[in-house]
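J.: The structure that follows is given in the form of structure tokens.
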Amino acid sequence: MNLEEEKRKVIEKLIREGYIKSKRVIDALLKVPREEFLPEHLKKYAYVDTPLEIGYGQTISAIHMVGMMSELLDLKPGMKVLEVGTGCGYHAAVTAEIVGKDGLVVSIERIPELAEKAERTLRKLGYDNVIVVVGDGTLGYEPLAPYDRIYVTAAGPKIPEPLIKQLKDGGKLLMPVGRYLQKLILAEKRGDQVIIKDCGPVAFVPLIGKEGFQ
Ligand code: SAM
């Protein structure tokens, strides 16, 4: 089986298992070449649905997690999205496919080497609607706020206050919360209120920063 066939098979499995269902998310996962975001020796495992090492103690997220997070966020074309934790850039590419040319993905990464590599891969693949920023994503990215959606790809002790502030009214934020036992939390901002929903247990690398773990 070649990588294209393996990709199709894993996505069919994720549809059967109920992780993904909307055409937008399915099309985006089918389009993005996950192998391009992996080191040479791991490219052959691109469509094994598991996190894989990308260096600096960090990982590329599993395919089902990227799909599930995209569904929970209800991403739509034209949205402005903040991603905290660029890593290799794979998840940013999937989001960029969904928000399209009229949308924007601002992705922030604390490890400069990962940010540079992700930016190079995203440019090579033509994702001009992604801006990669080096910094502490627990503080968000004020210059381009407010955002329709914010998601965090590392687990923190709580939802950082700056992220809530930088979310539009009616906007949604998704992030793993907890150190050992983590839960994926969906927060919806409605005026002064934040409505919280627990989307189940997850396992992510730690969110390190001023409003994260030290
Ligand atoms: N989004 C990635 C993908 O496409 O597969 C997965 C990201 S990896 C699981 C989590 C990333 O969050 C790591 O690259 C880590 O360096 C980054 N990170 C941790 N704390 C951060 C912070 N405060 N600000 C920005 N990035 C952070």
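J.: Pull up the stretch 149-168, narrow it to residues that are assigned to a strand (DSSP E or B) and aliphatic (A, V, I, L, M), then point me to the one that is surrounded by the most Cβ atoms within 10 Å (Cβ to Cβ).
T.: Result: ILE150.
J.: State all residues of the stretch 124-144 that are open to solvent by 30 Å² or more (accessible area, probe 1.4 Å) and under 22 Å from ALA187 (Cβ atoms); if no residue qualifies, say none.
T.: Within the stretch 124-144, ASP136, LEU139, TYR141, GLU142, LEU144 qualify.
J.: Just the residues that are closer than 22 Å to LYS80 by Cβ, away from the ligand (no atom under 15 Å from the Cβ) and assigned to a strand (DSSP E or B), please, taken from the stretch 169-192.
T.: ASP169, GLY170, GLY171, LYS172, ILE185, LEU186, ALA187, GLU188, LYS189, ARG190
J.: Would you point out the residue of the stretch 124-150, among those that are of a type in the set (Val, Ile, Thr) and in contact (Cβ under 8 Å) with a residue 60 or more places away in the chain, that is farthest from the ligand (Cβ to nearest atom)?
T.: It comes out as ILE150.
Let's see how each residue does on (1) touching a Ser or Thr at 6+ places or on another chain (Cβ under 9 Å); (2) near the ligand (Cβ under 10 Å from one of its atoms); (3) acidic (Asp, Glu); (4) at negative phi:
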{"site": "GLU40", "(1), (2), (3), (4)": "no, no, yes, yes"}
{"site": "LYS44", "(1), (2), (3), (4)": "no, no, no, yes"}
{"site": "TYR47", "(1), (2), (3), (4)": "no, no, no, yes"}
{"site": "MET65", "(1), (2), (3), (4)": "yes, yes, no, yes"}
{"site": "MET69", "(1), (2), (3), (4)": "yes, yes, no, yes"}
{"site": "LEU75", "(1), (2), (3), (4)": "yes, no, no, yes"}
{"site": "GLY89", "(1), (2), (3), (4)": "yes, yes, no, no"}
{"site": "ALA92", "(1), (2), (3), (4)": "yes, yes, no, yes"}
{"site": "ILE108", "(1), (2), (3), (4)": "yes, yes, no, yes"}
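J.: Let me ask something else about it. Looking at this structure, is THR121 farther than 24 Å from GLU97 by Cα, open to solvent by less than 30 Å² (accessible area, probe 1.4 Å) and either within 15 Å of the ligand (Cβ to nearest atom) or in a loop (DSSP other than H, G, I, E, B) (or both)?
T.: No.
J.: While we're here: I'm trying to understand the selection: among the residues of the stretch 61-107, which are in contact with a Pro (Cβ under 7 Å, 6 or more places away or on another chain), farther than 22 Å from GLU188 by Cα and open to solvent by less than 10 Å² (accessible area, probe 1.4 Å)?
T.: The one that is in contact with a Pro (Cβ under 7 Å, 6 or more places away or on another chain), farther than 22 Å from GLU188 by Cα and open to solvent by less than 10 Å² (accessible area, probe 1.4 Å): ALA62.
The values are calculated or read from the model by the stated rules, or taken from the named source; none is laboratory data. Source: prediction; values computed, not measured. Here the Cβ is made from the backbone with ideal geometry for all residues, glycine too, and neighbour counts use every protein chain on show. Ligands, DNA and RNA are stripped out before the accessible areas are found, and what is left, the full protein with its side chains, is counted by its heavy atoms. Shrake-Rupley method; radii C 1.70, N 1.55, O 1.52, S 1.80 Å.
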